[in-house]
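The values are calculated or read from the model by the stated rules, or taken from the named source; none is laboratory data. Keep in mind it's a predicted model, so treat the numbers as computed, not measured. Because the Cβ atoms are built from the backbone with ideal geometry, glycine has one as well, and the counts that use them run over all protein chains shown.
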Number of protein chains: 2
Amino acid sequence: MLASGWRRFNTEAGQFPSNKQRFIPGSGTYPQGFTAGGLHCGIKKNGKPDLAVLLSDRPTTASAVFTTNQFCAAPVQFDRHMINQARERDVRVVRAVVTNSGCANAVTGKRGLEDTQSMSEAGDRLVSRADGSLAVSSTLVMSTGVIGQSLPVDKIARGVDEIVLGPDHDMWMRAAIAHMTTDTFPKLLSREFNANGALFRMAGITKGAGMIHPNMATLLGTVCTDACITQPLLDKALAFAVARSFNAISVDGDMSTNDTIAVLANGAASHMAVTSEDSSEYRAFRDSLTEFMAELAGLVVRDGEGATKFITIEVAGAQSFADAKQVASTIATSSLVKTAFYGQDANWGRILCAVGYAGIPLDTAKVNMAIYPGDGSDPLHLVQAGEPQLPVDEVRASEILKQEDVMVRVELGLGEESARMYTCDLSHDYVSINADYRS
Amino acid sequence: MLASGWRRFNTEAGQFPSNKQRFIPGSGTYPQGFTAGGLHCGIKKNGKPDLAVLLSDRPTTASAVFTTNQFCAAPVQFDRHMINQARERDVRVVRAVVTNSGCANAVTGKRGLEDTQSMSEAGDRLVSRADGSLAVSSTLVMSTGVIGQSLPVDKIARGVDEIVLGPDHDMWMRAAIAHMTTDTFPKLLSREFNANGALFRMAGITKGAGMIHPNMATLLGTVCTDACITQPLLDKALAFAVARSFNAISVDGDMSTNDTIAVLANGAASHMAVTSEDSSEYRAFRDSLTEFMAELAGLVVRDGEGATKFITIEVAGAQSFADAKQVASTIATSSLVKTAFYGQDANWGRILCAVGYAGIPLDTAKVNMAIYPGDGSDPLHLVQAGEPQLPVDEVRASEILKQEDVMVRVELGLGEESARMYTCDLSHDYVSINADYRS
């Protein structure tokens, strides 16, 4: 039968590139009350999975951060409205997230908005069937893939009707796989946290990154947690976490029309409730979310188009987090710095140059810079007090730069604040993927 | 003799890449009162020309625009001080520019500043010998090449003593060749202008662009004119022209420690005097300078590292020049847009996306976009009133995009202001040049 053919597909890690296997979990501990699933509903021509559903067995507190691109796609407009409505009325409404890959439903005009409505209603019907209740406006929608094409909403609706959901690792992996566009591996993460003895869990799915065939793709991320948290505190924790995770990664500096990062908290872990910003529970939740999302966002960088290296840029000694972030971001988005890493070249001049044009007032004589290898061995100090440490120890530089994980640490000597950015190198393959995909 | 060996080198266009020959002039009309020359003084290990001198037979009004990078190199600090002194005292002092390639004298501390002083004094001695007079603080200096290494000032001083200068095309070409670092061809331009019957001339030399082996290079440009103009009006005209020329080009978005664009006006064309901002002479001078510098800056883009295309981004219908420039710049620096051009792909989605995140408030329903071929034939309209014109006419798109010169025109529909940016594509060779130069 066609329908059962839709449901079954291979979720084994072995089908993905061998150098990415270590980022694909073989098991997980998932938040209570959530189920997941994925299938091929017919959007992608190549028959690969293209529809994912995440469902909570009770209403969630939901928050999201969206692209600031003014050509934001229909699902972004739709979700923003739904979450704002929930905020204003202070009610928990979100029960599900329906995500499709293969079509971004972007630059699709009025029809695009109608299609998001249909897609969300398909999710609502699923919720109603699961509950026996009448669910209305309870389903967020996300889309990624080609822009300027309309969604095949009938296929999506039929897929949502047919989908099999479950709480176990394999079903979460199906959902993660169905998020992929040019991603080379599925991005799924789950963790259990402990706040003063109260256990709660998070599971997250994301997809990268880079703007992809044939027009552009997008950054999507959904984190489900069984913690209980109020809307204002979830909004606040998410803003904090995103600034240090999904907004701290750069693959090519372009900002897509569809970028969406959502968190759904269903409160099924009954001992973990966050109700006050001054509580240790809030700090535990915020910091757990930040750590979790930084790791999740890191997977996107690992799969940056053509990436061969994972580069952490840490800027310390700034007067503010914003200053530190700006300097880190300037370094992380410099094509010259990124090509130098691809070439495994200790090009301190390019990094120092990026620091110099980042737009933050400097005392250049206070600037230090070093590179740290991923294996935890000694760093190599390249600039001290604004002066290059010449000649560069090329042997040590080469040892460090041939590692997959490298950190650049810049100290500004102006204050106590720091920030990190995560980026990848700029390779021949990046150019090939983005220039030659038609051939 | 070694000295005469220094003086002689091949200036024939035939030695440069065949696809760049049409940008190398075979003759020129040069401003009166200026002489030029170039030689190899021993900075470059490969024996190529590395020292250029431009000399005026009388003091000039000099203005310059410098890098805003806070790690600005010693020659930038030195020249800025000299020109500010001239401004404050309202005197004409600059007689010469001494430029070396092969060493940027950047991040060289106190010694670097002392070396610029020595380099400038060598120029002053040359001026004194030419005049029989005592010249002091009359020589601007520019350096480009490796950073973090000290200047071999003795070699430069000896080179300035030995150099042969002349007013003819071949001598200007020597000076242009001596500016080159990884430039594949010399960048020299000369033009004669007519303002209400008064003739004046401009000659300019520039060098690119991209940050080059082994650490970074720089953008240098010097324009000599025999017009007569006051300091405040030259400052004003230069600011106007640079915003529309050298600050309207992007190769890789990085801003070097040494970037310097200078204009020297010696007044030898006695009928062309610019003394009032309201005069037609001022407007003629300003517009001539802008047109001249846009063409000169274009040569840098033509020689962008790995560039195969010259792309003009024109943004019209903005509420201000700054808004139009910001949108144009965002498009011009998008790695995705640049790789799409390399791949000859009519990727309107990437361009529209860059418009959307440029940070300027838009009415997305008013945005139009088209691509124009360099041969002047019909454009292809890709977006009208915010909607993609689907399906894209791929045959026509391919005809347009296989041309070397392509213009993207975006209309915002918000006002009357427009701006242009000039950029190149992002190719495999860009990555190779910037990643692999050690191998």
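Residues in the stretch B:331-349 that are surrounded by fewer than 24 Cβ atoms within 10 Å (Cβ to Cβ), more than 7 Å from chain A (Cβ to nearest Cβ) and closer than 24 Å to A:Leu336 by Cβ: 1 in all.
Could we say that A:Gly132 is assigned by TED's automatic domain parsing to the domain that holds A:Phe185 and surrounded by 20 or more Cβ atoms within 10 Å (Cβ to Cβ) here? Spelling it out, it is not the case that A:Gly132 is assigned by TED's automatic domain parsing to the domain that holds A:Phe185 and surrounded by 20 or more Cβ atoms within 10 Å (Cβ to Cβ).
Scanning the stretch A:85-117 for residues being without any contact (Cβ under 8 Å) to a residue 24 or more places away in the chain and within 14 Å of chain B (Cβ to nearest Cβ) gives a total of 2. Remark: B:Val274 matches the filter, which requires a residue to be modelled with pLDDT under 95, of a type outside the set (D, E, K, R), closer than 25 Å to B:Ala86 by Cβ and surrounded by 21 or more Cβ atoms within 10 Å (Cβ to Cβ). Could you tell me which residue of the stretch A:60-79 is nearest to A:Thr257 (Cα to Cα), considering only residues that are out of contact with any Phe, Trp or Tyr (no Cβ under 7 Å at 6 or more places or on another chain) and aliphatic (A, V, I, L, M)? For the stretch A:60-79, the residue satisfying everything is A:Ala73.
Residue by residue, here is whether (1) closer than 22 Å to A:Ala268 by Cβ; (2) modelled with pLDDT of 95 or more holds:
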site	(1), (2)
A:Ala135	yes, no
A:Val141	no, yes
A:Gln149	no, no
A:Arg191	yes, yes
A:Met202	yes, yes
A:Ile205	yes, yes
A:Gly208	no, no
A:Asp226	yes, yes
A:Leu234	yes, yes
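When residues in the stretch B:277-308 are screened for being surrounded by fewer than 17 Cβ atoms within 10 Å (Cβ to Cβ), of a type outside the set (Lys, Arg) and either part of a helix (DSSP H, G or I) or not assigned by TED's automatic domain parsing to the domain that holds B:Lys20 (or both), 4 of them pass. When the stretch B:160-206 is examined, which residues are found to be under 16 Å from B:Glu12 (Cα atoms) and part of a loop (DSSP other than H, G, I, E, B)? Residues satisfying the conditions are B:Asp168, B:His179, B:Met180, B:Asp183, B:Thr184, B:Phe185, B:Pro186.
Residues are listed down the side, and each one gets a yes or a no for (1) exposed (fewer than 14 other Cβ atoms within 10 Å of the Cβ); (2) of a type outside the set (Val, Ile, Thr):
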| site | (1), (2) |
| --- | --- |
| A:Pro373 | no, yes |
| A:Pro391 | yes, yes |
| A:Gln403 | no, yes |
| A:Arg409 | no, yes |
| A:Thr423 | no, no |
| A:Ser427 | no, yes |
| A:Tyr430 | no, yes |
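Answer yes if at least one residue in the stretch A:143-154 is surrounded by 24 or more Cβ atoms within 10 Å (Cβ to Cβ), under 25 Å from A:Lys44 (Cβ atoms) and touching a Ser or Thr at 6+ places or on another chain (Cβ under 6 Å), and no otherwise. Yes, the stretch A:143-154 contains at least one residue that is surrounded by 24 or more Cβ atoms within 10 Å (Cβ to Cβ), under 25 Å from A:Lys44 (Cβ atoms) and touching a Ser or Thr at 6+ places or on another chain (Cβ under 6 Å).
All conditions but one from (1) more than 8 Å from chain B (Cβ to nearest Cβ); (2) farther than 18 Å from A:Ala419 by Cα apply to A:Lys325; the one that does not is (2). Can you find a residue in the stretch A:389-398 that is under 30 Å from B:Ala74 (Cβ atoms), in contact with a strand residue (DSSP E or B) (Cβ under 8 Å, 6 or more places away or on another chain), touching a residue at least 60 places away in the same chain (Cβ under 8 Å) and not assigned by TED's automatic domain parsing to the domain that holds A:Thr290? No, because not a single residue in the stretch A:389-398 is under 30 Å from B:Ala74 (Cβ atoms), in contact with a strand residue (DSSP E or B) (Cβ under 8 Å, 6 or more places away or on another chain), touching a residue at least 60 places away in the same chain (Cβ under 8 Å) and not assigned by TED's automatic domain parsing to the domain that holds A:Thr290. Pairs meeting the criteria (first residue in the stretch A:12-28 and farther than 10 Å from A:Phe185 by Cα, second residue part of a helix (DSSP H, G or I), beta carbons under 6 Å, at least 6 apart or on different chains) are A:Ser27/A:His169; A:Gly28/A:His169.
So is B:Ser377 out of contact with any Ser or Thr (no Cβ under 9 Å at 6 or more places or on another chain), free of Cβ contacts under 8 Å to residues at least 60 places away in the same chain and under 30 Å from B:Leu296 (Cβ atoms) or not? It is true that B:Ser377 is out of contact with any Ser or Thr (no Cβ under 9 Å at 6 or more places or on another chain), free of Cβ contacts under 8 Å to residues at least 60 places away in the same chain and under 30 Å from B:Leu296 (Cβ atoms).
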